[in-house]
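Contents: one structure, followed by commentary.
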Amino acid sequence: MTTKYLKKKINELTQGTSSNSAKLDTEISESLHPNHFTVCKVVRHGFPFEPTAMAYDPVQNILAIGTKNGSLRIFGQPGVDCHERHDSDVAIIQIMFLINEGALVTVCADNSLNMWNLRQKRPAILHSLKFNKEIITYCHIPFQSKWFYIGTERGNIHIANIETFTLSGYVINWNKAIELSRKTLPGPVIHLSDCPTDQNKLLIGFESGTAVIWDLRTKAAENRFNGAQPIRSISWHFEGRQFMCSHTDGSLSCWDIKSPSKPISVTYPHGKVAVKGGKPVDPCAPIMKVEWKSAKLGEPYVIFSGGLCQEKGGTGTPCVTIIQGKNTTVLEMEYPVIDFVSLCETPWPSAENQDPHAILVLLNNDLVVIDLMSPGYPCFENPYPMDLHESPVTCVQYFADCPADLIPVLYSAGSNSSRKKTSYSKKNWPIKGGQWGTGGSSDQEIIITGHADGSLKFWDASQVTLQVLYKLKTAKVFERGKQHKSLDGDEEPYAVQKITMCPDSRILLVAGASGHLLLYRFSKLEASCEITSLEISIVYEVEDPDTPETELPPMPTPNSLKRNTSTLSAESTAGLSNNVPPPAAPPSPNPSTGAHKPSTSSGEGMRDGVPNLKVKSGLQKYTMGYQPDLCCQLLWTEGEPPPLVTCLQINSFYGLIAFGTVNGLVIVDYIQKTCLLHMGTPNLYGSADPYQRTPRSPKKPKVPQSLGDIVEQLTDSERSRQATGAVAAAEQPNGICVSPTGNNSKKMKSVTDGKLTRSKSQTSSRRVTKTQSNPCDTGANGDRDKDSADASGVGGIFSGLLSQSRSTFSLFGSQDRSESSFTQSRSSSMSSLDRESKEGVQSLYFVESYARKTDPITSPCLWVGTTLGSTLVIVLSLPPPGDQRISQPVFVSPSGTVLCMKGTILNIAFLNSNGGLISASTEAWKDMNYEQKEGEREKKKPSMPPRVPRISPSASTEMADRQFAVITSEKESKVISLPSQTCAYRAKIAESSYVVKADVISMPNKELCLACYIANGHVVIYSLPSLRLLLDYDFVPLTDLRVGRTFQFSAHGKALYQCSPTEIQRLTVCAEHSNSLHDMLGDLFIPCTTPEAPSRGFFKNLFSVSSGSLDRQELFGENSGKPSRSIAKHVPGTAGMEAVKAQSQTVGGEIARTKLELIKRGEKLSETEKRTSEMMQNAESFASAANELMKKQKNKKWYQL
């Protein structure tokens, strides 16, 4: 019997393939080629994650920040932002600018020094110097010097040439720097600097507390200063006679270079000293850095970080202290201080008028700039998008092709709602270096970030920099309560998990961590409204799928198939089928068969039938912008939390929203505010289920470990388990709902008493439906015999609707049936649900399509992709637009079509017969609050454009395929011809790995392609519909789950992902955009004149400590000897083609300018030569005339003249 069945199916499929192939139209021309694609990073947004170092160029006015993972961010004026990183993930411990020379040096934790060229769009490493035997602790580059100093952990100081990046033979050994009587090592070098007025003197600071002034010419220590406490930093006075040290005990010591025996003063700025000159009563935090800056008018500034009194075992409050004369100002910081730099008017350390005007303070999670010129030292408002992580980012959505009017209205709403902060400084942002790029994108791009506190931020991403447009707080919809926690037990119940938006209608859909979903409408007017709330529960029998061994569907066995069929009301069933009326059986009073149980919401008892959050009741006032219109909440069920939302889909043309969970599907009509369907995923199959499921006892849910991974566990299978017990095992949910509004019913407000209604189906399973909208008059059926479950009552309707399509498995669905049984053992949150968990919904798509093979015309459908690789089609029956759309019900019914693939279904898209994308129809935006009377919202009739004509075959093209469905799973992608449901093209994307993100995107030439990001780090591009491989690029491996869950493809080949908790990386897969990136990026280096050195008066020169200028080349050059080759190794830089191109362009420009100068010089020389010859001729003429005159007057007497 099985053999005959197999042969019959194979023959049918073979005949179907050939016949359908003959009816296919001509081949669709594809213009995309591999040279159209490349993967290139565009720009990185946000605050550098885990910063470790900072430097500032006071002439170029640019800022550099290094991080723990080797990233280097360089900031100029707003709009100038560059990100580069080292080849290895090593921490940057120090950054030094070559001031006004277009270069900087980074010191890394792997004991390497790297020279970066900033004279090009993309900075690159020119030279590297890797130390082998010693650990680098501190470096110093003197201003306008070609040599720099390198201090090590052993206390030695090496000297290297900046141009060649090679060591000098001049070495300062630690045993020569310290006193001969000292028997212990001085410790690591923590400071190096030359005297502001004498370049011959080098100040060396050791961690142990010793400071040494080294004479470079004599190669000997001039003075030694032994402090009582370890040193953290040193700063010179501008006159070069004194210096100040900061210590670990919170003290500042001031030393005179002529009096090394003891310090001039030792002070504890924040310590309470009982005896003058003694130690403070309470211990103080270490002062990590101090700067001593001069002021032309007034006392000098002493600026330092740390030093506050701390409790026992504490670390002290992070702060920056500013002391000027007798005025002391303490600025407490929110995060630990990493470093700070004072911004001065001149780069010369010997200037008398350094006059610091601002302080850059790098915190662990923020960048603060303090205005020293304004009273009270206010902060500047940061123009960079560094508050991206103000609350932890939990999800990201990217729209690269928005309507032109969307960004202005969002900006207007954000400006109107945000309060003006007067505490900011009124001066201009001090970091003003660099220059904007000449090119830019013409696309209107928006990035939406969801955060752990329930807030959303809308960012304008049309240019290089991000600009915040609008901020929305979803937590305002709910009442605050101490008991509110997220489903994983953390203290962030409002955390945003999923975001989707319809840019045309401006409808926003947000899913949160407490099983709630909010729908927002955009309005330009303030409004007071009451939020409609729908409370939904998905309860069904826990089953494990037993996937078939063969690729062919099993023979249907109605008597043994135990399906969780649905229960419909009489009115709803009449709309579904006029031929099969449902029986109305009275509910059984037996509790075990689905009798009503009261809801329990007490903190001590088991929670059942209640949501995790409580929506605010009554009228609420909302400002211009996004205003909540509907709230859907999944309910607790017998102590089990609501399932997590895994995907969202909205269609403003249909007026419907759909969202999938880890165990089911929900469809809601947001126009009539009713739930149309809330069903467990196994129930969506009906009798067409390809899996044989066996009831199992439920397991306890796993508790996530931290809030930081709240979205990383979106597909956690254990989270979706439902209540245990015999009642839960015996009861089942309703399958299908229709909108309860009859033809003559009126729109009602949500004022129900919240009664809990339960309805029972043939297998005595139950469904809990608690809704605050106009509820469904759901009927209940009595117990049926299990053997006739598929042919009795309302369950018979459900099975009858599917029985017509029981054999409509597609060609590829039947061939790949065994592939859907693919088991995955990985523990990644991006993987499919574990086999022991229930089947979830992972992707959704509203479209006008062919639901069945036999459909002659298209109809509104919802395509559903599950975690087991199944694609289901649900047919939507919508009333005509206008009044009928409000008054008549919407019907939802399964089509019976099941398409199976290998792995979780990640994306579903549709192409027309010409290869163009069939996008979901949308409705134009209309302000629902535009017409108001006396503050009451007047409900408007939603006007929809005429529905798109359905595609119907003509006599000549009858049953020809008119559409292509592009379905992509974790393992493969297939192009399905519709309505024949034959597999036209197929591509295996990942065999040893799995696809994390897939999407059908458009390129700038309007051509379509399939873009996939694979867990092994590859980005692959396929043509459509032929699925030819166009690009396979090794980009970034999925080492961080944050990358996988936030990776987003968008229009025109653009994409982004969250590369760290505080940063977002934008990229492009389009070669055209990559080629124009050079013009879009700004310039970091702008040639300018270095300020002149400060002039010194006669008496200052007379009494100066300077001993003349220092010839460092003579001291450190070849005359110093050859360095040891074992100390460090020179590594040539990898500047890349851009550096070569920039250098060639620079050389070409120099040659052209030289030629022009030579031509001008030649012209001037020729002109000079001509004038010289004329002058010689005139001189000769004058000489001859004078000679003749002399001869003529030679013999005459004086009286004859």
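The values are calculated or read from the model by the stated rules, or taken from the named source; none is laboratory data. These numbers were taken from a predicted model, which means no experiment stands behind them. As a convention, Cβ positions derive from the backbone with ideal geometry for all residues, glycine included, and neighbour counts pool all protein chains shown. Side chains included, ligands, DNA and RNA excluded: accessible areas come from the protein's heavy atoms. Shrake-Rupley method; radii C 1.70, N 1.55, O 1.52, S 1.80 Å.
Spin-label model, Met373/Arg480: points 7 Å from Cα along the beta carbon direction are separated by 4.0 nm. Each of Asn912 and Gln884 was given a label point 7 Å from its Cα along the Cα-to-Cβ line. The distance between the two points is 2.5 nm. Atom-type composition of the exposed protein surface of segment 978-1117 places 50 percent of the accessible area on carbon and sulfur (1.4 angstrom probe). Simple rule: put +1 on each Lys or Arg Cβ and -1 on each Asp or Glu Cβ in segment 993-1056, find the dipole, and look at Asn1016, Tyr994, Ala1051; the Cα lying farthest toward the positive end is Ala1051. Probing with 1.4 Å while keeping every protein chain in the model, the per residue accessible area of segment 66-211 equals 33 Å².
Please work out how much length the chain gains when fully extended from Leu331 to Ser88, using 0.36 nm per residue of separation minus the C-alpha to C-alpha distance, in nm with one decimal.
Working it through step by step, the gained length comes to 83.8 nm.
Under a model in which nothing but the beta-carbon of Lys, Arg (+1) and Asp, Glu (-1) is charged, segment 371-475 shows a dipole of about 520 debye around its Cα centre.
Select from segment 252-289 those trypsin sites (Lys or Arg not before Pro) which occupy a DSSP coil region and have at most 12 other Cβ atoms within 10 Å, ordered by residue number.
Values: sites: Lys258, Lys272, Lys276, Lys289; in loops: Lys258, Lys272, Lys276.
Those that pass, being in a loop and sparsely packed, are Lys258, Lys272, Lys276.
Over segment 117-199, with every protein chain in place, what whole percent of the accessible area is carbon and sulfur at 1.4 Å, could you tell me? Before the final figure, lay out the partial values.
Working: 1620 of 3290 Å².
Here carbon and sulfur together make up 49 percent of the probe-accessible area.
Estimated from the Cβ-Cβ distance and a Förster radius of 56 angstrom, the FRET efficiency linking Lys272 and Glu1118 is about 0.45. In segment 71-140, one over the average inverse separation of all distinct C-alpha pairs is 12.8 Å, which is the Kirkwood hydrodynamic radius. Near Glu207, once Lys and Arg are set to +1 and Asp and Glu to -1 for all other residues with Cβ below 13 Å from its Cβ, the sum equals +1.
Can you list which of the trypsin sites (Lys or Arg not before Pro) found in segment 421-461 are DSSP loop residues with at most 16 other C-beta atoms within 10 Å?
Values: sites: Lys421, Lys426, Lys427, Lys432, Lys457; in loops: Lys421, Lys426, Lys427, Lys432.
Here the sparse-neighbourhood loop sites are Lys421, Lys426, Lys427, Lys432.
For segment 174-254, the set of GluC sites (Glu not before Pro) satisfying both a DSSP loop assignment and a count of at most 14 other C-beta atoms within 10 Å is given as Glu179.
Can you compute the FRET efficiency between Met1175 and Lys130 using 1/(1 + (r/R0)^6), with r the Cβ-Cβ distance and R0 = 56 Å? Round to the nearest 0.05.
Numbers: r = 65 Å, r/R0 = 1.17.
The formula returns an efficiency of 0.30 here.
In this simple spin-label approximation, Arg119 and Lys427 carry label points 7 Å from Cα along the Cα→Cβ vector, and these lie 3.2 nm apart. Here r is the Cβ-Cβ distance between Asp504 and Glu530 and R0 is 30 Å; the resulting FRET efficiency, rounded to 0.05, is 0.65. Shape class for segment 288-401, computed from the alpha carbon gyration tensor (a ≥ b ≥ c): oblate, with a/c not under 1.5 and a/b at or below b/c.
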